[in-house]
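Data first, discussion second: the structure below is written as structure tokens.
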Amino acid sequence: MAKNILCIEDNPDNMLLVKRVLTARGYCLLEAKNGAEGLTVAGSQSVDLVLLDINLPDLDGYEVARRLRSYAGKPELAYVPIIAITANALKGDAEKALEAGCDVYMSKPINIRELWARVEGFLPSPANQ
Ligand code: MN
């Protein structure tokens, strides 16, 4: 069965990197380039994990996480793993991400091995099954 990862990220280079890394491991990637689009995709498609950029052009990632956690009509989004990706390595940002409902956070620039490890920790790779 396909494992769908929703990546909410406005930077095309980061999106492409994530897509290459994760599709090579057998995951399906759903792409959203801002918070509103991410919420729409989350509400309309099956999502097994969310990669969430904190710095987005419309809603910030904290707000997106809060809305995912209390999504009307889709209670399973309260439990979907959310990995926050923050450009700011400031300690307060990580704490804010966790308070907003994210499970873990990673800092940019995205490290490919860390991304694999984080994703696999929640969602075993289809390529290994
Ligand atoms: Mn961004």
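The values are calculated or read from the model by the stated rules, or taken from the named source; none is laboratory data. No experiment lies behind these values; they were computed from the predicted model shown. Note that we place each Cβ from the backbone using ideal geometry, even for glycine, and neighbour counts take in every protein chain shown. Calculation scope for accessible area: heavy atoms of the full protein, side chains included, ligands and nucleic acids excluded. Shrake-Rupley method; radii C 1.70, N 1.55, O 1.52, S 1.80 Å.
May I ask you to list the residues in segment 1-16 that are surrounded by 16 or more Cβ atoms within 10 Å (Cβ to Cβ) and within 13 Å of the ligand (Cβ to nearest atom)?
First pass over segment 1-16, keeping only residues surrounded by 16 or more Cβ atoms within 10 Å (Cβ to Cβ): 3-11, 14-15.
Selection gives Cys7, Ile8, Glu9, Asp10, Asn11, Asn14, Met15.
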Report task. Say whether the condition of being away from the ligand (no atom under 16 Å from the Cβ) and in contact with an Asp or Glu (Cβ under 9 Å, 6 or more places away or on another chain) is met by at least one residue in segment 74-88. Result -> yes
**Report entry** Single residue of segment 1-25 satisfying the filter (in a loop (DSSP other than H, G, I, E, B) and within 22 Å of Leu77 (Cα to Cα)) that is modelled with the lowest pLDDT
**Finding:** Met1
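Of everything in segment 19-33, what is within 15 Å of Pro124 (Cα to Cα) and open to solvent by less than 50 Å² (accessible area, probe 1.4 Å)? Give them in sequence order.
Of all residues in segment 19-33, those within 15 Å of Pro124 (Cα to Cα) come to 21-29.
Those that are within 15 Å of Pro124 (Cα to Cα) and open to solvent by less than 50 Å² (accessible area, probe 1.4 Å): Val21, Leu22, Gly26, Tyr27, Leu29.
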